[in-house]
1. Anything in the range 193-226 that is of a type in the set (Val, Ile, Thr) and modelled with pLDDT under 95? List them, or say none.
2. Mind listing whichever residues of the range 46-83 are without any contact (Cβ under 8 Å) to a residue 60 or more places away in the chain, within 24 Å of ALA295 (Cβ to Cβ) and small (Gly, Ala, Ser)?
3. Please state which of the following conditions GLY37 fails to meet, knowing it meets all the rest: (1) at pLDDT 95 or above; (2) assigned by TED's automatic domain parsing to the domain that holds LEU231.
4. Report every pair of residues separated by at least 6 positions or lying on different chains whose Cβ atoms are under 7 Å apart, first residue within the range 351-369 and assigned by TED's automatic domain parsing to the domain that holds VAL394, second among the small types (Gly, Ala, Ser) and surrounded by fewer than 19 Cβ atoms within 10 Å (Cβ to Cβ).
5. Output the residue which, of all residues in the range 33-63 that are farther than 24 Å from ALA348 by Cβ and either of a type in the set (S, T, N, Q) or in contact with a strand residue (DSSP E or B) (Cβ under 6 Å, 6 or more places away or on another chain) (or both), is surrounded by the fewest Cβ atoms within 10 Å (Cβ to Cβ).
6. Tell me the helices (runs of 4 or more DSSP H) entirely within the range 1-95 that contain at least 3 residues that are over 30 Å from ALA228 (Cα atoms).
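The values are calculated or read from the model by the stated rules, or taken from the named source; none is laboratory data. The structure displayed is predicted, hence computed values, not measured ones. Don't worry about glycine lacking a Cβ; one is built from the backbone with ideal geometry, like all the others, and counts go over all protein chains shown.
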Amino acid sequence: MDEAGLEGALESIVDAVRDNLESEIRGSLSSAVNATGVIVHTNLGRAPLSSRATDAVAEIARGYSNLEFDLETGKRGSRHRHAAHLLERLFPGTDAVVVNNAAAAVMLSLNTFALGKEVVISRGELVEIGGSFRVPDILERSGARLREVGTTNKTRIEDYAKAVGPETGALLRVHPSNFRIVGFTESATTEELVALGKEKDLPVIEDFGSGNLLSLAPFGLTREPTVAQSLASGVALSIFSGDKLLGGPQAGILVGHRTAIDACRKNPLARALRVDKMAYAALEATLLSFVEGKATTEIPVLRMLAASNEEISERSNRLIAGIDTSGTVTLSTENATSRVGGGAAADAEIPTTVIVVTQKGVSADALVTTLRNHRPPVIARISEGRVLLDLRTVAPEQELHVLAALSELA
């Protein structure tokens, strides 16, 4: 090997060593471009925060705050007051408490009202949520005992009534947000459960799931109820996530009767499940968008839902027009569907346009791996052996990353 060749080989070795060292010492958590078309993608961090929310987090994170300090009295305050006033404005006559996720909220509520007692729930609602977590397991950890009623496809109010006894602590309703049972089915309404709860002096707790505060009907999604509808049924507590259709940070939000919320707030478990100042900052900023009527323009999840197929098609065609495909890579567009994700509107399909990526002699698995190894990673999906990119879930400012990744392929 001549001197020039040796110098080149040494540079390659040095570059490889540098890359390995950098990969070992960099943080494992990194930003990614979600081009899957799944809007609330659990594996990719669920809802992206609005600019308003990220600004609020930065403001609170960089210094001190009144997290547990009462500015009026100059004495110690409670962090539980944060966000509660905004939720009360959205749902007048209620109170609220925030913990670190919806599973924690369910555990807190059941531990508060049914510790050592039975919780009555339909067999058709004993669901498994993400990460192999199952409702019966969470219920057991709360210290309550499971009392199943009805069958998988049919549970009537009479089934609940027969199960209620001296050992009953609460009635639990789990909204089927991540699955659908169709065909020969029947279930008691939440209003029927509330009436039974009043008759038996038992709280009705609804694990509402996705936390959509606005009707999704304008987006063509007519089967997903709102939190307001849950509360209007008269439940003692409605529990939902902060990082799904609400579009905020990870949080479990309990809204309901003041006496029920006060009991949960006083439970020592609430301290173990509490959220930090940055979560409150992001949640309050997100809730303010709803209070001020700006949610559909400010919150990314709702903007993605509202985007038309025509808009996505225009963005997709404009992007691929800027890529030289004279080599082995072929880029085209076609109609497809996006998904809500995050256990919400399980059977809903949103019309969209996808970019189809193929490369001669290269498998779809190899292509998505190459895109995933880009910095930042571009996460695509495979359908029928082809790689698809859906710009519905790609913020306009991230299109440059997709363009760079596809240009490298081409």
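1. Once the filter is applied, which keeps residues that are of a type in the set (Val, Ile, Thr) and modelled with pLDDT under 95, the range 193-226 yields THR222, THR226.
2. Within the range 46-83, just ALA58 meets the criteria.
3. Result: GLY37 fails condition (2) only.
4. THR353/SER313; VAL356/SER332; ALA364/GLY385
5. SER51
6. Values: elements: 3-25, 51-61, 84-90.
Of the helices (runs of 4 or more DSSP H) lying wholly inside the range 1-95, those with at least 3 residues that are over 30 Å from ALA228 (Cα atoms) span 3-25, 51-61.
Here is a yes/no grid of residues against (1) hydrophobic (A, V, I, L, M, F, W, C); (2) at pLDDT below 95; (3) in contact with a Cys (Cβ under 6 Å, 6 or more places away or on another chain):
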{"residue": "VAL354", "(1), (2), (3)": "yes, no, no"}
{"residue": "VAL362", "(1), (2), (3)": "yes, yes, no"}
{"residue": "ARG375", "(1), (2), (3)": "no, yes, no"}
{"residue": "GLU384", "(1), (2), (3)": "no, yes, no"}
{"residue": "LEU388", "(1), (2), (3)": "yes, no, no"}
{"residue": "LEU403", "(1), (2), (3)": "yes, no, no"}
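Okay, residues lined up against (1) in a helix (DSSP H, G or I); (2) under 23 Å from ALA104 (Cα atoms):
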{"residue": "ALA285", "(1), (2)": "yes, yes"}
{"residue": "ARG303", "(1), (2)": "yes, no"}
{"residue": "SER313", "(1), (2)": "yes, no"}
{"residue": "ARG318", "(1), (2)": "yes, no"}
{"residue": "ILE323", "(1), (2)": "no, no"}
{"residue": "THR330", "(1), (2)": "no, no"}
{"residue": "ALA336", "(1), (2)": "no, no"}
{"residue": "THR353", "(1), (2)": "no, no"}
